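The values are calculated or read from the model by the stated rules, or taken from the named source; none is laboratory data. Keep in mind that this is a model prediction, so the values were computed, not measured. Here the Cβ positions follow ideal geometry from the backbone for every residue, glycine too, while neighbour counts run over all protein chains shown. Keep in mind that these areas ignore ligands, DNA and RNA; they rest on the heavy atoms of the full protein, side chains included. Shrake-Rupley method; radii C 1.70, N 1.55, O 1.52, S 1.80 Å.
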Amino acid sequence: VLLALIDRMGDAKDQVREQAQHLILKLMDEAAPPMYIWERLAVGFKHKNYRSREGVCLCLIATLNIYGAQPLILSKLVPHLCTVFGDSNSQVRDAAILAIVEVYRHVGEKVRIDLTKRGIPPGR
């Protein structure tokens, strides 16, 4: 189901993308823990459709806003965000930056140190 939802997050219609994200968040609430879902959603960061990649970043932001950082192992997700920092699409890059900002808001300086280790310039 999650792979189909990642595809739906790449749909041309805003409503379809929003409903796909809403269903993913509902699955985290009703069916499985957030990290279990995110272990399967992580493939979306490399999806061929830029809207799907952007949607996965936005879904991570929504997950952090709803559940916080405690149920997630962010050290597994940050490397994926680092890869989409260099995405060819500006919307995906912007969504990745917003997601990292949200991670930083929840975790703090540990993220900055991790980003430096991964070769992301401090100014960025």
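Restricting to Cα pairs below 8 Å that are 6+ residues apart, what does the relative contact order work out to for the chain? Please round to a whole percent.
22
Under a Cβ-Cβ cut-off of 14 Å, what is the net charge of the residues other than residue 37 that fall near it, where Lys and Arg count +1 and Asp and Glu count -1? If you can, show how the numbers build up before the last one.
Values: positive: 26, 40, 76; negative: 29, 30, 39.
Here the count lands on 0.
Between residue 43 and residue 109, what FRET efficiency follows from the Cβ-Cβ distance if R0 is 22 Å, with the result rounded to 0.05?
With a Förster radius of 22 Å, E is 0.15.
Hey, what's the chain come to in accessible area per residue, 1.4 Å probe, Å²?
56
Just to be sure I follow the rule: in the chain, considering lysines 8 or more places apart or on different chains, how many pairs have Cα atoms under 19 Å apart?
Taking the chain as the scope, the lysine pair count is 4.
Springs between alpha-carbon pairs under 10 angstrom, Gaussian network model over the chain: which of 12, 20, 69 fluctuates most?
12
Just 84, 101, 92 to compare: in a GNM of the chain, with alpha carbon springs under 10 Å, which one fluctuates most?
101
At most 10 other Cβ atoms within 10 Å and a DSSP loop assignment: could you name the trypsin sites (Lys or Arg not before Pro) in segment 31-114 that fit?
Values: sites: 40, 46, 48, 51, 53, 76, 93, 105, 110, 112; in loops: 48.
Sparse-neighbourhood loop trypsin sites (Lys or Arg not before Pro): 48.
Quote the FRET efficiency, to the nearest 0.05, computed for residue 70 versus residue 23 with a Förster distance R0 of 25 Å and r equal to the Cβ-Cβ distance.
The calculated FRET efficiency here is 0.65.
Calculate the length of the line joining the C-alpha centroid of segment 89-112 to that of segment 1-72, in whole Å.
16
Shape call for the chain from the C-alpha gyration tensor, a ≥ b ≥ c root eigenvalues: rounded (a/c under 1.5), prolate (a/b greater than b/c) or oblate?
Oblate.
Identify which of 61, 37, 113 has the largest mean-square fluctuation in a Gaussian network model of the chain, with springs joining Cα atoms closer than 10 Å.
Largest GNM mean-square fluctuation: 113.
Given a 1.4 Å probe and every protein chain left where it sits, what share in percent of the accessible area of the chain is carbon and sulfur?
That share works out to 54 percent.
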